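Asker: Let me give you the structure first, and then I'll get to my questions.
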Amino acid sequence: MSLETTLKKNCYLGFTLLELTMVMFFMALIAGLSTPFVMSTLDRMELKTSARKVASTLRYARSEAITSKKPVVFNGDLTRNQFWITKVDTNKSPKIKFLTDPIRLTGYTNEGESNLFRDGKFTITFFPQGNSSGGLIVINIKESRNVGSYYDISIDPVTGQTKIKKNK
């Protein structure tokens with residue numbers, strides 16, 4: 001084989017600019033189409049995590065009321081999307097926890113009350129015997145996102161037990 005044929009073969013190795021451009025275009029197209037699916041999955045995971053965080057705080061409030069033998073109050077604010085615990089006879093400032101966007105505290109109902117709360121605020125009191133004032137807290141993804149699932153966190157007034165239920 002001569003030197004000239006070897007040089008001609010080596011000239012055609014590699015990719016053209018058109019081929020590289022097409023590959024980049026298809027990669028961008030696939031990434032653009034898959035992004036909404038990934039984002040909705042991340043929102044659902046954050047919703048589940050937030051529901052567990054609220055339920056854990058409720059369980060902590062119940063156990064604190066039992067061990068301290070004093071009522072403990074779980075406070076929620078629907079408009080500010082936050083919740084905290086206060087002990088009845090202490091002057092400590094509470095540690096306020098926020099739910100991150102797009103997760104929202106969307107509702108609270110109590111058997112004795114029919115959605116009567118001021119400025120979006122509600123309370124659930126846990127008593128030293130383990131019982132509570134009860135209620136149902138609803139956590140959802142902000143309405144602008146079109147995901148239909150949400151979580152109900154129910155607090156039994158007799159036992160004070162907290163249960164999480166996923167709804168679709």
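Asker: Would you point out which residue out of Phe83, Phe98 is hydrophobic (A, V, I, L, M, F, W, C) and surrounded by fewer than 18 Cβ atoms within 10 Å (Cβ to Cβ)?
Answerer: The conditions single out Phe98.
Asker: How many residues does segment 101-119 hold that are loosely packed, with under 14 Cβ neighbours inside 10 Å and either in contact with a Phe, Trp or Tyr (Cβ under 6 Å, 6 or more places away or on another chain) or modelled with pLDDT of 80 or more (or both)?
Answerer: 1
Asker: Being within 14 Å of Ile137 (Cβ to Cβ) and surrounded by 10 or more Cβ atoms within 10 Å (Cβ to Cβ) is true for just one of Ser50, Ser40. Which residue is that?
Answerer: None of the others qualify; the one that does is Ser50.
Asker: Same structure again: Taking Asp89, is it of a type in the set (D, E, K, R), modelled with pLDDT under 85 and either touching a strand residue (DSSP E or B) at 6+ places or on another chain (Cβ under 7 Å) or closer than 24 Å to Lys168 by Cα (or both)?
Answerer: Values: of a type in the set (D, E, K, R): yes; modelled with pLDDT under 85: yes; either touching a strand residue (DSSP E or B) at 6+ places or on another chain (Cβ under 7 Å) or closer than 24 Å to Lys168 by Cα (or both): no.
Judged against the criteria, Asp89 is not a match.
Asker: When you go through Leu47, Leu33, Leu78 one by one, which is the residue that is modelled with pLDDT of 85 or more and farther than 22 Å from Ser133 by Cβ?
Answerer: Leu47
Asker: Six or more apart or on different chains, Cβ under 8 Å: which pairs go from a residue in segment 138-153 that's at negative phi and surrounded by 13 or more Cβ atoms within 10 Å (Cβ to Cβ) to one that's at pLDDT below 60 and of a type in the set (A, V, I, L, M, F, W, C)? Could you list them?
Answerer: From segment 138-153, the pairs are Ile141/Val147.
Asker: State the number of residues belonging to segment 152-168 that are touching a strand residue (DSSP E or B) at 6+ places or on another chain (Cβ under 6 Å) and charged (D, E, K, R).
Answerer: 4
The values are calculated or read from the model by the stated rules, or taken from the named source; none is laboratory data. Keep in mind that this is a model prediction, so the values were computed, not measured. So basically every Cβ, Gly included, is an ideal-geometry build from the backbone, and we count neighbours across all protein chains shown.
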